[in-house]
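Q: I'd like to ask some things about the structure below.
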Amino acid sequence: MRAIFFSFFLASFLWGSYPLKSYKLHCLSCHGKRGVAMVLPSDKAAIQWKRFFARKKHTPALSIGEKEEAILLKFMEEHAADSDRPTVPGL
(Lines give C-alpha, C1' and ligand atoms only; values in the text may rest on other atoms or scores of the structure.)
Protein backbone atom coordinates (compact mmCIF):
# COMPACT_ATOMS: atom_id res chain seq x y z
CA MET A 1 0.00 0.00 0.00
CA ARG A 2 2.83 2.40 0.82
CA ALA A 3 4.52 1.66 -2.48
CA ILE A 4 1.36 2.55 -4.39
CA PHE A 5 0.94 5.80 -2.46
CA PHE A 6 4.60 6.69 -2.92
CA SER A 7 4.52 6.01 -6.67
CA PHE A 8 1.33 8.09 -7.03
CA PHE A 9 2.88 10.93 -5.02
CA LEU A 10 6.10 10.81 -7.03
CA ALA A 11 4.24 10.76 -10.36
CA SER A 12 2.03 13.70 -9.39
CA PHE A 13 5.07 15.64 -8.14
CA LEU A 14 7.01 15.07 -11.35
CA TRP A 15 4.00 15.84 -13.55
CA GLY A 16 3.29 19.01 -11.60
CA SER A 17 6.70 20.44 -12.37
CA TYR A 18 6.77 19.36 -16.04
CA PRO A 19 4.62 22.21 -17.46
CA LEU A 20 6.98 24.77 -15.93
CA LYS A 21 9.99 22.95 -17.38
CA SER A 22 8.27 22.80 -20.75
CA TYR A 23 7.56 26.56 -20.60
CA LYS A 24 11.19 27.29 -19.73
CA LEU A 25 12.46 24.97 -22.47
CA HIS A 26 10.17 26.02 -25.31
CA CYS A 27 9.31 29.65 -24.52
CA LEU A 28 12.06 31.13 -22.41
CA SER A 29 14.81 29.60 -24.52
CA CYS A 30 14.16 32.47 -26.97
CA HIS A 31 12.00 34.93 -25.03
CA GLY A 32 14.40 35.11 -22.11
CA LYS A 33 17.29 36.37 -24.24
CA ARG A 34 18.26 39.85 -25.35
CA GLY A 35 16.46 41.27 -28.34
CA VAL A 36 13.40 39.06 -27.97
CA ALA A 37 10.52 40.30 -25.84
CA MET A 38 9.99 38.43 -22.56
CA VAL A 39 6.74 36.49 -22.50
CA LEU A 40 4.85 35.60 -19.34
CA PRO A 41 1.60 33.67 -19.00
CA SER A 42 0.10 36.74 -17.29
CA ASP A 43 0.69 38.84 -20.42
CA LYS A 44 -2.64 37.63 -21.81
CA ALA A 45 -6.00 36.36 -20.59
CA ALA A 46 -6.75 32.64 -20.95
CA ILE A 47 -8.98 33.14 -24.00
CA GLN A 48 -6.19 35.10 -25.69
CA TRP A 49 -3.76 32.21 -25.12
CA LYS A 50 -6.29 29.78 -26.63
CA ARG A 51 -6.57 32.00 -29.69
CA PHE A 52 -2.78 32.37 -29.93
CA PHE A 53 -2.24 28.60 -29.92
CA ALA A 54 -5.18 27.96 -32.28
CA ARG A 55 -3.78 30.27 -34.97
CA LYS A 56 -0.46 28.36 -35.15
CA LYS A 57 1.43 31.37 -36.51
CA HIS A 58 4.35 31.35 -34.06
CA THR A 59 7.13 29.62 -36.00
CA PRO A 60 9.03 27.99 -33.07
CA ALA A 61 5.74 26.69 -31.69
CA LEU A 62 5.13 24.82 -34.93
CA SER A 63 8.10 22.56 -34.23
CA ILE A 64 6.63 21.06 -31.03
CA GLY A 65 4.17 18.19 -30.94
CA GLU A 66 0.48 18.42 -30.16
CA LYS A 67 0.89 16.93 -26.66
CA GLU A 68 3.58 19.44 -25.79
CA GLU A 69 1.46 22.25 -27.19
CA ALA A 70 -1.49 21.16 -25.05
CA ILE A 71 0.73 21.12 -21.95
CA LEU A 72 2.01 24.62 -22.72
CA LEU A 73 -1.50 25.93 -23.38
CA LYS A 74 -2.75 24.51 -20.10
CA PHE A 75 0.18 26.11 -18.24
CA MET A 76 -0.46 29.47 -19.93
CA GLU A 77 -4.18 29.31 -19.08
CA GLU A 78 -3.56 28.33 -15.46
CA HIS A 79 -1.22 31.31 -14.99
CA ALA A 80 -2.94 33.81 -17.30
CA ALA A 81 -3.82 37.36 -16.21
CA ASP A 82 -7.43 36.39 -15.44
CA SER A 83 -6.58 33.15 -13.59
CA ASP A 84 -6.51 32.44 -9.86
CA ARG A 85 -2.69 32.16 -9.96
CA PRO A 86 -1.31 34.69 -12.45
CA THR A 87 2.43 34.74 -12.97
CA VAL A 88 3.92 37.92 -11.56
CA PRO A 89 7.52 38.90 -12.39
CA GLY A 90 9.85 38.84 -9.43
CA LEU A 91 7.69 36.70 -7.14
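The values are calculated or read from the model by the stated rules, or taken from the named source; none is laboratory data. Bear in mind the structure is a predicted one, so any value in this text is a computation, not a measurement. Every residue, glycine among them, receives a Cβ derived from its backbone with ideal geometry; neighbour counts consider all protein chains shown.
Q: Among the residues of the range 40-57, which ones are part of a loop (DSSP other than H, G, I, E, B) and either surrounded by fewer than 11 Cβ atoms within 10 Å (Cβ to Cβ) or over 15 Å from the mean Cα position of the chain (by Cα) (or both)?
A: Within the range 40-57, Lys56, Lys57 qualify.
Q: Please name all residue pairs, on different chains or six or more residues apart, with Cβ atoms under 7 Å, provided the first residue is in the range 19-46 and is over 18 Å from Ile64 (Cβ atoms) and the second residue is among the acidic types (Asp, Glu).
A: Note: pairs meeting the criteria are Ala45/Asp82; Ala46/Glu77; Ala46/Asp82.
Q: Quick one: Ala37 ticks every box in (1) surrounded by fewer than 14 Cβ atoms within 10 Å (Cβ to Cβ); (2) part of a helix (DSSP H, G or I); (3) at pLDDT 85 or above bar one, so which box is it?
A: All conditions pass for Ala37, except number (2).
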